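K.L.:
One structure, pasted below without further comment.
The values are calculated or read from the model by the stated rules, or taken from the named source; none is laboratory data. Treat the numbers as computed from the prediction; the structure is a model and nothing was measured. Methodologically, a virtual Cβ is constructed for each residue, glycine included, from the backbone with ideal geometry; neighbour enumeration extends over all protein chains shown. In case anyone asks, the SASA skips ligands and DNA or RNA and just uses the protein heavy atoms, side chains included. Shrake-Rupley method; radii C 1.70, N 1.55, O 1.52, S 1.80 Å.
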Amino acid sequence: MTPTKSLTATPPSIASLRQAIAGRATTATAVTEAALARIAEADPAIHAFLSVDATLARAQAAHVDQLAAAGAPLPPLAGVPFGIKDVLTLEGAPATAGSKILEGYHPPYTCTAVKKLADAGAVFLGKLNCDEFAMGSSNENSAYGPVHNPHDPGRVPGGSSGGSAAAVASGMVTATLGTDTGGSIRQPASFCGVVGVLPTYGRVSRYGLIAFASSLDRIGPFAANVRDAATVLGVIAGHDPMDATSSPLPVPDYTADLDKGVRGMKLGVPSEYFADGLDAEVRAAIESGIEKLRAAGAEIVPISLPHTRYAIPTYYVIATAEASSNLARFDGVRYGFRAPKSDTLAAMYRRTRDLGFGAEVKRRILLGTYVLSHGYYDAYYRKAQQVRRLLADDFLAAFRQVDAILTPTAPTPAFRLGEKSDDPVAMYLADIYTVTASLAGICGISVPCGQSRSGLPIGMQILGPHFGEAAVFRVAQAVETQR
Amino acid sequence: MPKGSETNRVSDVRRVAELAHLELTPDEEERMSRDLSAILEYVAQLAELDTTHVAPMAQVAEVLAVSADAAPEKLSVLRDDLPRPCLPRANAMAAAPESDGVCFKVPKVIER
């Protein structure tokens, strides 16, 4: 992390940090101080962090330095600077979920994925800005102000994990955790020019994730390169007794096959993801990336995912229905904000939720309540669950033909702050290529694959079958190498 | 909601807001009724699909049961129902806006 006026910077890789700390060329303390200095330098213009805890970071770094000084074996993420999206709990730290309703809340327990990072020697610099309750595609729905894209501060970083993407893109930390419900890891990764991973549903425990839509929510890593992302996923994946939907399948070494290349792999290209609405520069970058994979020995197979156009309406019915139920818990009784001076309990609920929630969260609670309400359930909610199965079946059929699927991550590069904030449907369409994998439960990644003429990053999305992360990382590594 | 009159749409939003324990200002009611109409109009295209014989998919594990890569018998096992230590009461109640250390305190309950 060299001092620079630029808002973008490449953070040190996990492997380089490990070698330097184990070889005593540097210390975890020095790495942590450099990260804190970079945050102080770059974050006033980016606003990725909602809270920074230098005391905790220095204590975690000191512990790693003690191990290194004693010549003890170092855990896999020893001394690696991390940031954590503010919808994930860390005991003792705030967890606002980007909402006023959780201002000042300090959760009494730690998220399993965060705990696994801590046990692996990671150093936590702080909690990262995001759209309120992870609802948004631009980070403009944060109650604490938007995040700015390090490549152009007049543009959004994507959302909802905008802070998690921007913190890596600006070199403040080596890796971060985000969450993805309809594209909230992959789309900001694309907009900020970093790697973002959507693990298979059930691959990473959701315990300690402040729920938005429980059948869709997933935790996954951001990093500056594919190898680091694969390393972090290997640490946070696995079964957890605290999450009944977490899978008992063993966790492979995701870095093992990275350099095997794509020769002999069958990679599907779905025509539906290259139709109207795709920006010409994004199309050119993805098609060029696909040609490079073909040149590297992959067999490129045209495929069809025929129900794709129904994914956004399906997603917004299911996600909002689940959200209206999950967000019922924010009522001013057990934690968080309570509106003062209400005469009755009912008035207190209503006032608390009116003052505590932002416009997009209210919009989604209302929509979700509506589609679940008497007389509309069959027409909307049940219908969406049926179409969800058709979308999942599209992928199951495709993965009988191909090992992975290649698409753009987002239809455009990062858009301008304010550009879509008055039109909810236009904003929802920013997720048009990402919600399908969310609904089907399959895994995926966004990996940088070129940039626009004005220098904005463009990401390629690589989708794999359930628990097919190893193949996805292998293709992503080939894209990164060919770039 | 999409086909109703302006008045009906606002009264629909008012009804749903009440179900969701949300208090909306008149401005918010108007804005939300406009936005929800636009979204529901967009959602209406799902009606194009014939789903008569499609079972609803509520969760991903159902799909995994037909996926060749997964072991279905391992995916829906209930855990043993054994007592375990849980969060101490003091920690659980520490973040409450108002409590006496044993109970959460709320304004008086009338109607509901």
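To keep it simple, each residue is scored yes or no on (1) without any contact (Cβ under 8 Å) to a residue 12 or more places away in the chain; (2) under 17 Å from A:ALA120 (Cβ atoms); (3) open to solvent by 40 Å² or more (accessible area, probe 1.4 Å).
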{"position": "A:ALA9", "(1), (2), (3)": "no, no, no"}
{"position": "A:SER13", "(1), (2), (3)": "no, yes, no"}
{"position": "A:GLY23", "(1), (2), (3)": "yes, no, yes"}
{"position": "A:THR27", "(1), (2), (3)": "no, no, yes"}
{"position": "A:GLU41", "(1), (2), (3)": "no, no, yes"}
{"position": "A:ILE46", "(1), (2), (3)": "no, no, no"}
{"position": "A:PHE49", "(1), (2), (3)": "no, no, no"}
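K.L.:
Within the stretch B:17-28, take every residue that is part of a helix (DSSP H, G or I) and closer than 20 Å to A:ALA328 by Cα and give me the one that is least open to solvent (accessible area, probe 1.4 Å).
P.N.:
B:ALA17
K.L.:
Are there any pairs, at least 6 apart or on different chains, whose C-beta atoms fall under 8 Å, with the first in the stretch B:36-56 and facing another protein chain (nearest Cβ under 7 Å) and the second open to solvent by less than 50 Å² (accessible area, probe 1.4 Å) and in a loop (DSSP other than H, G, I, E, B), and if so, which?
P.N.:
Qualifying pairs under 8 Å: B:LEU36/B:MET1; B:LEU49/A:HIS307.
K.L.:
Looking only at the stretch A:252-275, how many residues end up being in a helix (DSSP H, G or I) and either under 15 Å from A:ARG474 (Cβ atoms) or of a type in the set (Lys, Arg) (or both)?
P.N.:
Looking only at the stretch A:252-275, we keep the residues that are in a helix (DSSP H, G or I), and these are A:258-260, A:271-274.
Within this subset, residues satisfying the condition of being either under 15 Å from A:ARG474 (Cβ atoms) or of a type in the set (Lys, Arg) (or both) are A:258-260.
Of the residues in the stretch A:252-275, 3 are in a helix (DSSP H, G or I) and either under 15 Å from A:ARG474 (Cβ atoms) or of a type in the set (Lys, Arg) (or both).
K.L.:
Just wondering, is there one or more residues in the stretch A:277-289 that are assigned to a loop (DSSP other than H, G, I, E, B), closer than 20 Å to A:LEU77 by Cβ, open to solvent by 60 Å² or more (accessible area, probe 1.4 Å) and not charged (D, E, K, R)?
P.N.:
no
K.L.:
A further question on this structure: Check A:THR2 against each of (1) among the hydroxyl-bearing types (Ser, Thr, Tyr); (2) open to solvent by 60 Å² or more (accessible area, probe 1.4 Å); (3) at pLDDT 95 or above and name the one condition it does not meet.
P.N.:
All conditions are met except number (3).
K.L.:
Would you tally the residues in the stretch A:372-395 being more than 15 Å from A:PRO313 (Cβ to Cβ) and open to solvent by 60 Å² or more (accessible area, probe 1.4 Å)?
P.N.:
Total satisfying the criteria: 6.
K.L.:
Looking at the stretch A:363-394 only, could you name the residues that are more than 7 Å from every other protein chain (Cβ to nearest Cβ), in a helix (DSSP H, G or I) and not basic (Lys, Arg)?
P.N.:
A:GLY368, A:VAL371, A:LEU372, A:TYR377, A:ASP378, A:ALA379, A:TYR381, A:LEU391, A:ASP393, A:ASP394
K.L.:
From (1) at pLDDT 95 or above; (2) more than 19 Å from the chain's Cα centre (by Cα); (3) open to solvent by 10 Å² or more (accessible area, probe 1.4 Å), pick out the condition that doesn't hold for A:ALA78.
P.N.:
(3)
K.L.:
Then there is this: May I ask you to list the residues in the stretch A:172-186 that are closer than 15 Å to A:LEU233 by Cα, within 8 Å of the chain's Cα centre (by Cα) and part of a loop (DSSP other than H, G, I, E, B)?
P.N.:
A:ILE185
K.L.:
Return the residues of the stretch A:205-227 that are within 17 Å of A:LEU128 (Cβ to Cβ) and either open to solvent by 10 Å² or more (accessible area, probe 1.4 Å) or in contact with a Pro (Cβ under 9 Å, 6 or more places away or on another chain) (or both); say none if nothing qualifies.
P.N.:
First, pick out the residues of the stretch A:205-227 that are within 17 Å of A:LEU128 (Cβ to Cβ): A:208-210, A:212, A:217-224.
Matches in the stretch A:205-227: A:GLY208, A:LEU209, A:ILE210, A:ARG218, A:ILE219, A:GLY220, A:PRO221, A:PHE222, A:ALA223, A:ALA224.
K.L.:
What's the number of the only condition in (1) surrounded by fewer than 22 Cβ atoms within 10 Å (Cβ to Cβ); (2) hydrophobic (A, V, I, L, M, F, W, C); (3) at pLDDT 95 or above that A:LEU345 fails to meet?
P.N.:
Only one criterion is unmet by A:LEU345, namely (3).
K.L.:
Just to be sure, is A:ARG400 closer than 30 Å to B:ASP100 by Cβ, open to solvent by 30 Å² or more (accessible area, probe 1.4 Å) and outside any helix (DSSP H, G or I)?
P.N.:
For A:ARG400, the condition - closer than 30 Å to B:ASP100 by Cβ, open to solvent by 30 Å² or more (accessible area, probe 1.4 Å) and outside any helix (DSSP H, G or I) - is not met.
K.L.:
Quick one: what pairs do we get from the stretch B:84-102, first residue facing chain A (nearest Cβ under 9 Å) and under 18 Å from A:THR110 (Cα atoms), second small (Gly, Ala, Ser) and in a loop (DSSP other than H, G, I, E, B), C-beta under 7 Å, 6+ apart or different chains?
P.N.:
Short answer, once both residue conditions are applied: B:MET93/B:GLY101.
K.L.:
Just for the stretch A:308-356: of the residues that are of a type in the set (Asp, Glu) and part of a helix (DSSP H, G or I), which one is farthest from the other protein chains (Cβ to nearest Cβ)?
P.N.:
Within the stretch A:308-356, the first condition is being of a type in the set (Asp, Glu), and the residues that meet it are A:322, A:331, A:343, A:354.
This time we only want the ones that are part of a helix (DSSP H, G or I), so: A:322, A:354.
Working: A:GLU322: 10, A:ASP354: 4 Å.
The extreme case among them is A:GLU322.
K.L.:
Within the stretch B:72-112, can you find the residues that are at pLDDT 85 or above, closer than 25 Å to A:THR245 by Cα and part of a helix (DSSP H, G or I)?
P.N.:
Correct list: B:ALA92 only.
K.L.:
Moving to a separate point now. Do you know which of the residues in the stretch A:414-431 that are charged (D, E, K, R) and more than 9 Å from chain B (Cβ to nearest Cβ) is least open to solvent (accessible area, probe 1.4 Å)?
P.N.:
Pass one, the stretch A:414-431, residues charged (D, E, K, R): A:416, A:419-420, A:422-423, A:431.
Restricting the remaining residues to those that are more than 9 Å from chain B (Cβ to nearest Cβ) gives A:416, A:419-420, A:422, A:431.
Working: A:ARG416: 119, A:GLU419: 110, A:LYS420: 46, A:ASP422: 125, A:ASP431: 9 Å².
Result: A:ASP431.
K.L.:
Considering only the stretch A:359-405, how many residues are hydroxyl-bearing (Ser, Thr, Tyr) and in contact with an Asp or Glu (Cβ under 8 Å, 6 or more places away or on another chain)?
P.N.:
1
K.L.:
Output the number of the condition that A:ALA296 fails; it satisfies all remaining conditions of (1) over 28 Å from the mean Cα position of the chain (by Cα); (2) within 11 Å of chain B (Cβ to nearest Cβ).
P.N.:
Here A:ALA296 clears every test but (2).
K.L.:
Here is a follow-up. Filter the stretch A:118-153 down to the residues that are over 16 Å from the mean Cα position of the chain (by Cα) and in a helix (DSSP H, G or I), then identify the one that is surrounded by the fewest Cβ atoms within 10 Å (Cβ to Cβ).
P.N.:
Among those that are over 16 Å from the mean Cα position of the chain (by Cα) and in a helix (DSSP H, G or I), it is A:ASP119.
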